[in-house]
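Report on one structure; see the data block that follows.
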Amino acid sequence: MNIQQIKYFLALAQELHFWKTAGRMHITQSALSRQIQALERELGVQLFERDKRNVKLTSAGQFLREKWEVQINELEFFHEHARQIQLGESGTIIIAHPDSISASIMPDMLSSIASAYPKLKIELVQVRYEDQLEFLRNYKIDLVITRDINNADDIRSEKISTDFLSIVVPENHPFRNAEDLTKETLSSQKFILPIKDGGSSYSDLIQKLFRTYDIVPDAYLHSEFGSAIIALVKKGLGIAVMPNSYMFHEIPGIRFITLPFQTDLFLNWRVNDHHPVLNNVLQFILKS
């Protein structure tokens with residue numbers, strides 16, 4: 001007994017006509033008859049009562065029709081789902097990204113992916129700098145978008161976007177534009193900065209900014225959460241250096257002063273991971 005024989009049986013149980021069923025199933029009438037007879041012999045059950053004019057389900061045939069219709073629908077659902085997984089159209093992908101692009105790059109990227117693969121589930125997480133490579137290698141995440149250059153041999157990295165650093169101040173702060181930023185004016189400010197990560201190219205970029213102005217920042221508050229830094233700036237507890245992509249969060253009460261320091265965004269993934277879902281999403285992002 002195989003699935004195709006059950007499909008022949010269910011089609012005949014619906015049509016109750018060998019010639020019509022054979023045409024519907026694209027086989028000859030004699031071939032359909034042989035398949036039904038083989039199924040009956042294997043089961044040891046008569047499924048149909050038939051004469052020259054009529055075909056009718058037996059009680060046993062009616063019972064099996066009711067049971068097999070449910071099971072065949074479930075099987076076809078499972079088979080279709082497996083096909084979608086094989087093609088990378090279904091499944092789950094976990095993407096880590098910095099909070100700074102939550103309102104800039106991510107909405108358009110996710111909207112496009114969801115339109116192309118509507119059955120794909122996407123999980124968004126934020127991971128500390130020092131955990132990113134470990135999480136990738138251990139399959140805790142599938143993709144990570146970072147502001148750091150990756151030099152690991154087993155992780156592939158591609159630049160996908162660029163924005164700029166900004167000085168972030170409260171709305172009532174005297175700093176209005178880049179011309180207000182000098183060694184003297186910045187030296188008098190208290191800074192709220194990200195936690196410094198050794199080996200991070202993004203941390204190095206911030207330090208390069210301070211060297212350009214020839215200052216050592218008075219940083220008395222540190223946080224790895226950009227949203228927390230913005231809230232503290234808005235409260236007047238200090239000023240910050242942040243990517244200007246945070247402007248897309250449209251938070252009132254703060255001002256961004258864009259600086260000529262580029263910060264690149266990189267997409268990172270495992271070199272030897274050929275999962276179809278990952279490959280589809282990768283190609284989609286990199287072509288966009």
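One residue alone among Val277, Val271 is farther than 19 Å from Met106 by Cβ and of a type in the set (A, V, I, L, M), and that residue is Val271. With the requirement that a residue be surrounded by fewer than 11 Cβ atoms within 10 Å (Cβ to Cβ) and either of a type in the set (S, T, N, Q) or not assigned by TED's automatic domain parsing to the domain that holds Gln132 (or both), what does segment 263-285 give you? If the condition is that a residue be surrounded by fewer than 11 Cβ atoms within 10 Å (Cβ to Cβ) and either of a type in the set (S, T, N, Q) or not assigned by TED's automatic domain parsing to the domain that holds Gln132 (or both), then Asn272 is the only one that fits. Looking at segment 23-81 only, could you name the residues that are of a type in the set (Lys, Arg), more than 15 Å from Gln5 (Cα to Cα) and surrounded by 13 or more Cβ atoms within 10 Å (Cβ to Cβ)? Of everything in segment 23-81, just one residue is of a type in the set (Lys, Arg), more than 15 Å from Gln5 (Cα to Cα) and surrounded by 13 or more Cβ atoms within 10 Å (Cβ to Cβ), namely Arg50.
For Trp19, the stated conditions hold: it is exposed (fewer than 13 other Cβ atoms within 10 Å of the Cβ) and either part of a strand (DSSP E or B) or touching a helix residue (DSSP H, G or I) at 6+ places or on another chain (Cβ under 8 Å) (or both). Candidates Ile94, Ile141: the one that is closer than 22 Å to Val271 by Cα, of a type in the set (A, V, I, L, M), free of Cβ contacts under 8 Å to residues at least 60 places away in the same chain and assigned to a strand (DSSP E or B) is Ile94. Do we find that Phe63 is in the same structural domain as His17 (by TED's automatic domain parsing) and more than 12 Å from Leu16 (Cα to Cα) in this structure? Yes.
Selection of segment 166-186 for residues being within 39 Å of the chain's Cα centre (by Cα) and of a type in the set (A, V, I, L, M) yields Ile167, Val168, Val169, Ala178. Look at Glu171 and say whether it is in the same structural domain as His222 (by TED's automatic domain parsing) and free of Cβ contacts under 8 Å to residues at least 40 places away in the same chain. No: the conditions fail for Glu171.
When the residues of segment 144-172 are filtered to those that are part of a strand (DSSP E or B) and small (Gly, Ala, Ser), the one that is nearest to Val271 (Cα to Cα) is Ser157. Checked against (1) charged (D, E, K, R); (2) in contact with a Lys or Arg (Cβ under 9 Å, 6 or more places away or on another chain); (3) more than 19 Å from Lys159 (Cα to Cα), Lys235 meets all criteria but (2). Against the criterion of being touching a Gly at 6+ places or on another chain (Cβ under 6 Å) and at pLDDT 95 or above, Lys183 does not qualify. If the condition is being part of a strand (DSSP E or B) and surrounded by 14 or more Cβ atoms within 10 Å (Cβ to Cβ), then segment 221-244 contributes Leu221, Ile239, Ala240, Val241, Met242, Pro243. Counting only residues that are closer than 25 Å to Tyr220 by Cβ and assigned to a helix (DSSP H, G or I), segment 248-288 holds 1 of them.
The values are calculated or read from the model by the stated rules, or taken from the named source; none is laboratory data. Since we're looking at a predicted model, the values are computed, not measured. We place every Cβ from the backbone using ideal geometry, glycine too, and count neighbours over all the protein chains shown.
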